1. Which value, in debye to the nearest 20, describes the size of the charge dipole of the chain about its Cα centre when Lys and Arg Cβ atoms bear +1, Asp and Glu Cβ atoms bear -1, and nothing else is charged?
2. Kindly provide the GluC sites (Glu not before Pro) of segment 185-278 that DSSP labels as loop, not H, G, I, E or B, and whose Cβ sees at most 12 other Cβ atoms within 10 Å.
3. From the backbone phi of segment 268-280, what are the Karplus-calculated ³J(HN,Hα) couplings (6.51 cos²θ - 1.76 cosθ + 1.60, θ = phi - 60°) in whole Hz, Gly and Pro given as x?
4. Does segment 372-422 classify as rounded, prolate or oblate by the C-alpha gyration tensor (a ≥ b ≥ c root eigenvalues; a/c under 1.5 gives rounded; else a/b over b/c gives prolate, otherwise oblate)?
5. Could you tell me the convex hull volume per residue, in Å³, taken over the Cα atoms of segment 430-499?
6. Testing the spin-label approximation: label points 7 Å from Cα along Cα→Cβ at F221 and L441. State their distance in nm.
7. Which distance in nm do the two modelled labels at A506 and D541 give, with both placed 7 Å along the Cα-to-Cβ direction?
8. With +1 on each Lys and Arg Cβ and -1 on each Asp and Glu Cβ, how big is the dipole of segment 423-555 about its Cα centre, in debye rounded to the nearest 20?
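The values are calculated or read from the model by the stated rules, or taken from the named source; none is laboratory data. Since the structure is predicted, the reported quantities are computational estimates derived from the model, not experimental observations. With ideal geometry, Cβ positions are generated from the backbone for all residues, glycine too; neighbour counts draw on all protein chains shown. Please note that ligands, DNA and RNA were not included when accessible areas were found on the heavy atoms of the full protein model with its side chains. Shrake-Rupley method; radii C 1.70, N 1.55, O 1.52, S 1.80 Å.
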Amino acid sequence: MDIKFNNGQLEAINTTHPYNRVVAGAGTGKTQVISARVKHLLEDMGAKPEEIFLSTFSKNGAAEMAARVNKMVGKPVCGLTATTFHAFEFEIIKKMWHTLGYRHIPSVIDEVQDRAMCDALIRRHEIVEWTGVHFQNYTSSGYGTTGALDIMSMILHRVSRLIVEGRTLSDITYNDVSELLTDRKVDLPSNIALKIIAMYPEYDSMKKGFDNEFQAPVITFDEMIVLALKILDDNPTFLDDNFCFAHIIVDEAQDTSEDQMKLLNHLINMKSFKSLLVVGDDSQAIYESLMNTSPDFLINLGDYLYKKDEDGNKLTLDIHDVFMDINYRCIENVIKLANIIIDRNKNKIDKTLVASREPGMMPTVQKFKRKYDQKPSKLNMGKNLEKGEIDTIARDIKALIDAGEDPDNIAFLAFSKGELKSVADRLTAFGIPSKFGFPELLIENHRVIAMLRFIREISKPDAASANMDMLEVANALFDGDIIEAGPEIMSTYVNEVVNKVNTIKAVDPAAKKLMIMEFIQDVAHGDEAVLNFSEKFNDMDADEIMYYVSNFLSFGDNMMFKRSVLGHGVMLITVHSSKGLEWKHVFGSVSGFEKDKLSVRKAEELRRLLFVMITRARDSLSLYGQEIAFGTIENPTYNRFLQEIEEALAKI
């Protein structure tokens, strides 16, 4: 593959420095450069695939990176580790699970399992003084509406982490969880919090798989990283004994956490270590509030990495900086706007994106006093009606499509799903197809529901018979609306499903699991939501699968799945989900960015989010926002980001 790289890209690919920070701006070819770096290591530096550790932010990102490497090299690269930090931590846990007290290899806990455990604890140990809104919203999750189950989960997860870090249950107090509750705007008396803390030993027994009701071992994300680090701290040769990593590449390094930096230090202190390439863009660090990551680790990388000498002393590293600053994606005027916006931030690496493309169209911004168009009434008769933000966005998208643009080249980005759904409704009214780029609810997938109801029927003690559940299963299994096929065919299909259920009921546990997994493949018809869901069952036996399904039907209302392939239409996506993507035409709303008074740090994070929104646009960028961010007409707080966009555009 003959690709012409610029000087910054070539330096990142060919660097011989042992410790490197590559500051790769938006649209500068980061993924291609990382793939070329791997090819260079393999073909020019004599590295073996198993000596390369490549970490990125998400599971899908890791799979895409591995595919890009294969394409760059021209053949499958077997033995290369392309993963996420979380997935690698889990690999460490799976190698050492027997030393951690689990009944068998644990799976990563999900909301269904966690809520079921918390529900059982509440049933077993009633806290009579705990009443009110937390039980009116028993299963709710979110700021201001957090229900009892999520409150218990928050507290017990924090206790779990503290204990893994070396604390004892007896010295954990209300102060250890109070900040967590305050951050989630949960008003919980200390005596109730302490009673929940006291339930931890039973919760731990559930997680380990030694509770009569809960026998499928699970591990929380917090435990996973802390336990993995503890294994490495307690077993200094563990990585050397199990891996031979020489070349470490960390992608999306702006979204790393303190624990992940600790893991990275273990990796670069392996005996086989030769080179480190940390790649990221602090201007695109947008998960600080959501995932407890921080751009500080990339900005001040040298403060967090070290090499140990023979005596165990930590030595400061000489970090070599490489800048990739030529943007190949966006027109020049979009890049100018992005630079002016991000330059307002103080906590950043000094750099300026350089556009390789023509100036192009000037980005536009429109501000509004209302969300929707003003409706005519007796009070405003004869007056010009005010336009609303949502309706205007939909009309502008329609005008572009009417001019001949393909809807697949258009995206609308917003802070929240509510804004996306509002625009979707308006586009539907215009007859314009659209698609959502955020995760879908699993309970709204008819194949997932069919799978769940089939497995639930197997768990019942009595023989199965024809019913509405079996009809729904048959409909999904035979991939069509069998009701329209007539009563005779419908009855035949339903009876096939009933017979399959009764056959599975009668076999031994091992065969039962095998037949359940085979059925899932049949009912999925290639639906990645179903297939991804079923991966949860790989480390479970048949009884554990059936128990999980029972709990999912009670507590799985909020479980979601994000598809990798979507249909035709205008993309409607949150800014957080848009990272790494691009479209020819981007419409973006900055309403919802500022819902309350912001700290300097939070304002800088949201400014980085705005930067991400801007740099998704290749050829045109249309921005919108409501003038008042929050407050009242009499006492308003104006949308600072809308003002910043207007000021920036005036400078271009």
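1. Numbers: 75 positive and 96 negative charges, 300 e Å.
For the chain, the charge dipole is close to 1440 debye.
2. On the way: sites: E202, E213, E223, E252, E258; in loops: E213, E252.
Sparse-neighbourhood loop GluC sites (Glu not before Pro): E213.
3. The phi angles translate into 7, 9, 5, 5, 7, 4, 10, 8, 10, 10, 9, 10, x Hz.
4. Details: a/c = 4.44, a/b = 1.73, b/c = 2.56.
Oblate is the answer for segment 372-422, as a/c is 1.5 or above yet b/c matches or exceeds a/b.
5. Details: hull volume 8.0 nm³, N = 70.
About 114 Å³ per residue, rounded to a whole number.
6. With each label placed 7 Å out from Cα toward Cβ, I get 2.2 nm.
7. 2.3 nm
8. Details: 11 positive and 22 negative charges, 39 e Å.
I would put it at about 180 debye.
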